[in-house]
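The values are calculated or read from the model by the stated rules, or taken from the named source; none is laboratory data. Everything quoted here is computed from the prediction, not taken from an experiment. Glycine also receives a Cβ, built like all others from the backbone with ideal geometry; neighbour counts cover every protein chain displayed. When the accessible area is computed, the model is the full protein with side chains, heavy atoms only, and any ligands, DNA or RNA have been set aside. Shrake-Rupley method; radii C 1.70, N 1.55, O 1.52, S 1.80 Å.
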There are 2 protein chains.
Amino acid sequence: MQDPPAEIGCPFDQIDTPALILDLDAFDRNVAKMAAYAASVGVGLRAHAKTHKSSEVARRQMEAGAVGQCVQKVGEAEALVSGGIRDILVSNQVVADAKLDRLAAIASHARIGLCFDHPEQVLAASRAASRAGVTINGFVEIDVGMGRCGVAPGRAAADLANRIADAPGLRFEGLQAYHGRAQHLPTAPEREAAIRGAIQAVQQTREALGVAGLSASTVSGAGTGTFRIEAESGVYTELQAGSYAFMDLDYAAISGSDGRPYAEFEHSLFVLSAVISFAGAGWCVVDAGLKSYSGEKGPPRVHGREGYKFLGMSDEHGKIALSDDAQPPRLGDKVALIPGHCDPTINLHDWYVGVRSGVVHELWRIDARGASR
Amino acid sequence: MQDPPAEIGCPFDQIDTPALILDLDAFDRNVAKMAAYAASVGVGLRAHAKTHKSSEVARRQMEAGAVGQCVQKVGEAEALVSGGIRDILVSNQVVADAKLDRLAAIASHARIGLCFDHPEQVLAASRAASRAGVTINGFVEIDVGMGRCGVAPGRAAADLANRIADAPGLRFEGLQAYHGRAQHLPTAPEREAAIRGAIQAVQQTREALGVAGLSASTVSGAGTGTFRIEAESGVYTELQAGSYAFMDLDYAAISGSDGRPYAEFEHSLFVLSAVISFAGAGWCVVDAGLKSYSGEKGPPRVHGREGYKFLGMSDEHGKIALSDDAQPPRLGDKVALIPGHCDPTINLHDWYVGVRSGVVHELWRIDARGASR
């Protein structure tokens, strides 16, 4: 783990670079807005820790009213439990006895949910829970149109739910019904249509569960791009949004229901870089590259500097074009970048540097960084 | 830092996933081949640690005959010095007094080189070296066609070399003349033409240095895609290749001088994943996504499994299409992936799991992971 790039009280322009910066005012507003919305609609907010990777962020989401956290990996769940979080859904399949034993070990300290899409997974988790003497809450993941994990909605899902209900050490709790591909569809009508299909899939599965004498007390899904649709569907009980706390260019690129750029949440997350070279004519180079932000959704965008346009990213460099009327850079000038994709960007860093009123106010460990197992 | 995903002696198919796997036989052959080539031509191999991020790898490259290591960041240099490496070139500009003080601090334990492309950088490094009572070897970076950092070849470079030579605490050693953009040009003639331009730029600068009464004892550059051209140029004295030890899809996509896929080196680096779902028709899902490999050069490729074609990557998942004649997957099946780009992929992991004859033989810490400052 690297040392933090600043100390508490450090002025913004003296933060060492590259650094992952959190605008605490914007972050607080994002967290409060989603929590208030979920409360107003009467659904639970189960914020996704795969995005933030930090029990410090999780605690703030919980304090604001979240009912729990989602994770994708057992290692993330372990970090959250160490950080005091007591209600966690692994919104993913976990395969391997050693991983299931680790999950069962923390199930005596926290309420743990786990998703399934195959009977063998159910048997293995049942054995692990029984070995540890704990109960794990089982969710059937249904494929609501994403085309990744999940059984078909309806009868197949009810069959798997029955197996969970019958398995020692497991308790059938509900459905995982997340439509990831819908989150970034460019327009609101496209996202609406996709989620309407997901809602139908959930309804169809609920009916099949009823025939089997079961019911889903929890239906979990939704993300930052579509959360209002699931929340107001009457069938989803939990929202799994994660990016809402930070935003990124990928979400900024979709349009809202008014046809304008999606502005439900504010950019609170930045990679702070510094100018290390302007020897070339018409550009400067900053010290943050692909090891400081994730590039698969395209390059980051320069924040708050007129005439600075991000041109190219390499491993440790960002190249920025300067327009004729741009303020000429000086060596060491700080340049804030908005990353293309927040989740894998955060996973590159060990610390959030929380800034308020131009001063470092918080240093939060990203304690689940690299916890991919 | 995460725990290692296996113990020494663990059979390959019991390694926890995702894991960064090193085929030690292939790695050894790559390391030996480049070292032998450099020795045969009479140039120094200064392997680039920005790729491997590990003093364990550096030590093996040094044992095989490398004259030193390159880094891009002071944090990488610190990790290497802690790991016993005693000859390091920072092939980059370093801006900020705090960083320069850290670099000067290790210059009493190792021979340190540093690149410049602006007089202010020279002054700042001179002050830091003087404060610490050390000497730093100064390199003028020239832009040989890459269009990133570096002064113009010729007179401008000689002027900056003069400033270095005159600065207390600095010693003018030579030229940084790396052409990064040339490395991945698709065909050998294109790479050859680009590097011919770089060689001319070096020659022109050497002449200007001579007029100024200076000479470059070291000219450092070259990468895995072009190293033979620089090595045989008569003007380069050092090779800075890094990817050669591992290979990746980005280098596998270029063609060699015979017009066939570039095969100077073997793929030794893999991300090991496991099948966690095959509920969908025609595909399976593995547990390694964008937090286990870098995606900006495209998705990874499945290694050694007929009929498995990588389709899509998300944060924690890889989706793999299965042809009709593919062996049907079972839950937990291990699937090795060749990453698109080795450098940012390695930076996601804390350990190399070194495998020989199907068994884990080595666990090497990636001690400069995240050392981006």
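For this structure, a couple of remarks:
- Residue identified as outside any strand (DSSP E or B) and under 30 Å from B:GLY75 (Cα atoms) among A:GLY234, A:GLY280: A:GLY280
- Take the conditions (1) in contact with a Pro (Cβ under 7 Å, 6 or more places away or on another chain); (2) within 25 Å of B:ALA222 (Cα to Cα); B:LYS73 misses just one of them, which is (1).
- Contacts under 7 angstrom Cβ, first residue in the stretch A:271-292 being without any contact (Cβ under 8 Å) to a residue 40 or more places away in the chain, partner open to solvent by 10 Å² or more (accessible area, probe 1.4 Å) and part of a strand (DSSP E or B), 6 or more apart: A:ALA279/B:VAL151; A:TRP283/A:LEU311; A:TRP283/A:LYS319; A:TRP283/A:ALA321; A:TRP283/A:LEU322; A:VAL285/A:LYS319; A:GLY289/A:MET313; A:LEU290/A:MET313
- B:HIS48 being of a type outside the set (Asp, Glu) and within 16 Å of B:ALA222 (Cβ to Cβ): yes
- Here B:LEU214 meets each of (1) closer than 27 Å to B:ALA165 by Cα; (2) not in a loop (DSSP other than H, G, I, E, B) with one exception, condition (2).
- With respect to being under 26 Å from B:SER82 (Cβ atoms) and either within 12 Å of another protein chain (Cβ to nearest Cβ) or assigned to a loop (DSSP other than H, G, I, E, B) (or both), B:ALA368 fits the description.
- Flag for A:ALA107 being of a type in the set (A, V, I, L, M, F, W, C) and touching a helix residue (DSSP H, G or I) at 6+ places or on another chain (Cβ under 6 Å): no
- Restricting attention to the stretch B:299-313 and to residues that are among the hydrophobic types (A, V, I, L, M, F, W, C) and open to solvent by 30 Å² or more (accessible area, probe 1.4 Å), the residue that is nearest to A:ASN347 (Cα to Cα) turns out to be B:MET313.
- Enumeration of residues in the stretch B:294-308 that are facing chain A (nearest Cβ under 10 Å) and touching a Ser or Thr at 6+ places or on another chain (Cβ under 7 Å): B:SER294
- Flag: A:VAL71 matches the condition of being within 14 Å of chain B (Cβ to nearest Cβ) and of a type in the set (Val, Ile, Thr).
- Exclusive hit being more than 30 Å from B:PRO119 (Cα to Cα), within 14 Å of another protein chain (Cβ to nearest Cβ) and aliphatic (A, V, I, L, M), set A:LEU239, A:LEU249: A:LEU249
- Looking only at residues in the stretch B:263-286 that are within 14 Å of another protein chain (Cβ to nearest Cβ) and under 22 Å from the mean Cα position of the chain (by Cα), the one that is farthest from A:LEU114 (Cα to Cα) is B:VAL271.
- When the stretch A:94-108 is limited to residues that are part of a helix (DSSP H, G or I), touching a residue at least 12 places away in the same chain (Cβ under 8 Å) and open to solvent by 40 Å² or more (accessible area, probe 1.4 Å), the one that is farthest from B:PRO5 (Cα to Cα) turns out to be A:ALA105.
- Residues of the stretch B:343-359 satisfying the condition of being at negative phi, open to solvent by 40 Å² or more (accessible area, probe 1.4 Å) and in contact with a helix residue (DSSP H, G or I) (Cβ under 9 Å, 6 or more places away or on another chain): B:ARG356, B:VAL359
- The test for being out of contact with any Leu (no Cβ under 7 Å at 6 or more places or on another chain) and farther than 28 Å from B:SER91 by Cβ does not hold for B:LEU348.
- Any hit, the stretch B:217-229, residues being closer than 19 Å to B:HIS118 by Cα, of a type outside the set (Val, Ile, Thr) and open to solvent by 10 Å² or more (accessible area, probe 1.4 Å): no
- Taking helices (runs of 4 or more DSSP H) as the structural unit, those lying wholly within the stretch B:4-93 and holding at least 3 residues that are over 21 Å from B:SER292 (Cα atoms) and not aliphatic (A, V, I, L, M) correspond to B:24-41, B:55-63, B:74-82.
- All conditions in (1) of a type outside the set (S, T, N, Q); (2) under 22 Å from A:ALA158 (Cβ atoms); (3) without any contact (Cβ under 8 Å) to a residue 60 or more places away in the chain hold for A:TYR262, with the sole exception of (2).
- Output for the stretch A:189-208, where each listed residue is in contact with a Phe, Trp or Tyr (Cβ under 9 Å, 6 or more places away or on another chain) and over 24 Å from B:MET313 (Cα atoms): A:ILE199, A:VAL202
- No other residue among A:ALA19, A:ALA49, A:ALA38, A:ALA77 is within 15 Å of the chain's Cα centre (by Cα), hydrophobic (A, V, I, L, M, F, W, C), over 26 Å from B:GLN14 (Cβ atoms) and open to solvent by less than 10 Å² (accessible area, probe 1.4 Å) apart from A:ALA49.
- Of all residues in the stretch A:250-262, one or more are under 20 Å from A:ALA36 (Cβ atoms), open to solvent by less than 20 Å² (accessible area, probe 1.4 Å) and under 15 Å from the mean Cα position of the chain (by Cα).
- You will find that of B:GLU296, B:GLU316, B:GLU362, the residue that is open to solvent by 20 Å² or more (accessible area, probe 1.4 Å), assigned to a loop (DSSP other than H, G, I, E, B), acidic (Asp, Glu) and at pLDDT 95 or above is B:GLU296 and no other.
- Scanning the stretch B:1-55 for residues that are among the acidic types (Asp, Glu) and either within 14 Å of chain A (Cβ to nearest Cβ) or in contact with an Asp or Glu (Cβ under 6 Å, 6 or more places away or on another chain) (or both) yields B:ASP3, B:GLU7, B:ASP13, B:ASP16.
- Pair list, Cβ under 6 Å, 6 or more apart: the stretch B:327-342 residue surrounded by 21 or more Cβ atoms within 10 Å (Cβ to Cβ), other residue assigned to a loop (DSSP other than H, G, I, E, B) and of a type in the set (Lys, Arg): B:GLY340/B:LYS297; B:HIS341/B:LYS297
- Conditions (1) open to solvent by 30 Å² or more (accessible area, probe 1.4 Å); (2) of a type outside the set (Asp, Glu); (3) on the phi < 0 side of the Ramachandran plot: number failed by A:ILE199: (1)
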